[in-house]
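Have a look at the structure below before the remarks.
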Amino acid sequence: MSDKTEPYIIFGSPIIGEDEIAALQRTAESCWIGTGPRVHEFQTTFAQYVGAKHAMAVSSCTAALHLSMVVSGVGPGDEVVTTPMTFCATANAIIHTGATPVFADCQRDTMNIDPAAIEAAITPRTKAILPVHFAGRPADMDAIGAIAKKHGLLVIEDAAHAIESVYKGRKVGSISDLTCFSFYVTKNITTGEGGMVTTGDPELAKKIQTYGLHGLSADAWSRFSDKGYKHYDVVFPGFKYNLTDLAAALGIVQLPKAEQWLRRRNEVWAIYDEAFADLPVILPAPAEPDTVHARHLYTLIVADDAKVLRDEFMVAMHKKGIGTGVHYRALHDHPYYAERWGYRPEQFPNAHWIGERTVSLPLTPKLTDHEVERVVRAVREVLGG
Ligand SMILES: Cc1ncc(COP(=O)(O)O)c(C=O)c1O
């Protein structure tokens with residue numbers, strides 16, 4: 001049966017309600033739409049939320065990752081170990097410093113980087129480990145921290161999916177040297193485009209702030225404020241990675257809703273788990289004890305004995321008016337990484353296996369009960385029987 005008469009369910013559509021629209025309007029009316037007081041407020045509330053000493057807002061998580069590499073001194077000749085089961089921005093941030101991305105396979109069930117594979121990937125050139133909290137499931141930070149300590153490496157976390165994640169009582173964002181968050185449209189909270197770096201290290205924090213705005217000395221953003229003109233010094237050839245107040249205005253009103261929206265995604269998650277238990281799919285692994293899974297992506301593995309392949313499943317869902325996503329085709333299988341870095345599919349068998357079979361279903365808190373029912377019905381129609 002087709003749901004063609006009903007509106008298309010867009011994968012990852014954000015909630016933009018009256019609060020968000022009012023905040024945007026107030027910001028526009030203030031005429032301070034570039035980087036200013038709202039960015040500062042968002043940084044303060046975000047730092048409090050994750051329990052970090054410092055939070056620096058930037059224009060994207062991609063910018064956050066790149067800056068984190070730069071301020072860590074990662075550069076040509078260095079290697080950074082990361083997972084191939086991630087978005088390309090994770091590895092590209094390493095490459096943009098001139099360093100080499102060294103993949104370590106993920107685990108098949110958690111889809112997170114395997115600490116044993118990290119250990120095996122370390123060489124005298126390794127400078128940092130870059131784990132990704134896949135889908136919002138905290139990576140094994142105790143094991144990763146122990147490896148980093150043993151080899152004297154930095155840990156920079158890609159927490160693009162993990163705004164609400166907690167690992168053994170510690171909020172993601174308060175654990176490692178540097179943690180990078182995303183507020184892209186599909187993320188658990190959004191600023192349209194935006195990101196944040198958190199750290200407990202005041203020197204790294206200062207560098208992130210400075211290098212993220214052309215390398216201008218601190219607070220250059222306020223040089224045209226009503227406090228009077230201030231000279232700035234250029235102390236580094238930096239980047240234009242600052243967040244705007246227009247974007248931060250959205251973040252300020254969305255952040256307090258994060259936990260309530262997580263509760264809704266937990267509800268939808270449980271409905272999906274129950275509804276698909278008898279289908280030829282592998283459900284997401286249960287959350288590890290003593291962690292909070294941020295429920296960013298609900299990923300099914302379409303089993304090899306299902307009557308359709310993953311891509312056919314996606315086409316069938318689309319025909320029923322439901323958008324789905326793939327997170328991710330393994331990075332090492334993409335032409336650039338295969339050709340430039342010589343990676344072969346069989347080198348990271350778990351990421352390759354997941355990448356061929358995984359599909360993400362709509363999970364946004366915007367979904368109504370009726371829409372969740374439509375998703376369930378459609379998945380069962382395509383895969384059941
Ligand atoms: C795991 C991961 N890392 C990094 C990014 C990059 O985030 P942004 O779009 O904010 O640059 C994303 C975004 O999709 C992501 O999913």
Working only within the range 1-18, note down all residues that are modelled with pLDDT of 95 or more and surrounded by fewer than 10 Cβ atoms within 10 Å (Cβ to Cβ). P7, E18
Residues that are in contact (Cβ under 8 Å) with a residue 40 or more places away in the chain and open to solvent by less than 10 Å² (accessible area, probe 1.4 Å), drawn from the range 115-136: A128, I129, L130, P131, V132, H133, F134, A135, G136
When you scan the range 232-250, how many residues do you find that are farther than 18 Å from W32 by Cβ and open to solvent by less than 60 Å² (accessible area, probe 1.4 Å)? 4
Please go through the range 315-328 and give me each residue that is surrounded by fewer than 21 Cβ atoms within 10 Å (Cβ to Cβ) and either among the aliphatic types (A, V, I, L, M) or modelled with pLDDT under 95 (or both), ordered by number. V315, A316, V326
Which listed residue is open to solvent by 10 Å² or more (accessible area, probe 1.4 Å) and within 21 Å of the chain's Cα centre (by Cα), from T83, T62, T90: T62
Mind checking which residues of the range 122-143 are under 30 Å from G12 (Cα atoms) and not in a loop (DSSP other than H, G, I, E, B)? I129, L130, V132, F134, A135, G136, M141
Screening F11, F42 for residues that are in a loop (DSSP other than H, G, I, E, B), of a type in the set (A, V, I, L, M, F, W, C) and within 16 Å of the ligand (Cβ to nearest atom) leaves only F11
Can you spot a residue in the range 155-166 that is more than 16 Å from the ligand (Cβ to nearest atom), within 28 Å of L243 (Cβ to Cβ) and at pLDDT 95 or above? yes
Specify the residue that is farthest from V155 (Cα to Cα); the eligible residues are those in the range 201-224 that are open to solvent by less than 20 Å² (accessible area, probe 1.4 Å) and part of a loop (DSSP other than H, G, I, E, B). G215
Go through the range 169-200 and give me each residue that's more than 10 Å from the ligand (Cβ to nearest atom), in a loop (DSSP other than H, G, I, E, B), within 28 Å of P362 (Cα to Cα) and open to solvent by 10 Å² or more (accessible area, probe 1.4 Å). N188
For the range 296-314, which positions are open to solvent by less than 20 Å² (accessible area, probe 1.4 Å) and β-branched (V, I, T)? T299, I301, V302
Under 7 Å between Cβ atoms, at least 6 apart or on separate chains: pull out the pairs that start in the range 83-97 with a residue that is within 14 Å of E157 (Cα to Cα) and end on any residue that is among the charged types (D, E, K, R) and not in a helix (DSSP H, G or I). T86/D158; T90/D158
Across the range 59-82, what is the total count of residues that are farther than 29 Å from I354 by Cβ, outside any helix (DSSP H, G or I) and either within 13 Å of the ligand (Cβ to nearest atom) or touching a residue at least 24 places away in the same chain (Cβ under 8 Å) (or both)? 4
Filter the range 366-383 down to the residues that are outside any helix (DSSP H, G or I) and buried (at least 19 other Cβ atoms within 10 Å of the Cβ) and list them by number. L367
Name, by its number, the condition in (1) among the aliphatic types (A, V, I, L, M); (2) surrounded by fewer than 18 Cβ atoms within 10 Å (Cβ to Cβ); (3) over 20 Å from the mean Cα position of the chain (by Cα) that does not hold for A23. (2)
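The values are calculated or read from the model by the stated rules, or taken from the named source; none is laboratory data. Fair warning: this is a prediction, and the values are worked out from it, not measured in the lab. So basically every Cβ, Gly included, is an ideal-geometry build from the backbone, and we count neighbours across all protein chains shown. Remember, those area values only see protein heavy atoms, side chains included, never the ligands or the DNA or RNA. Shrake-Rupley method; radii C 1.70, N 1.55, O 1.52, S 1.80 Å.
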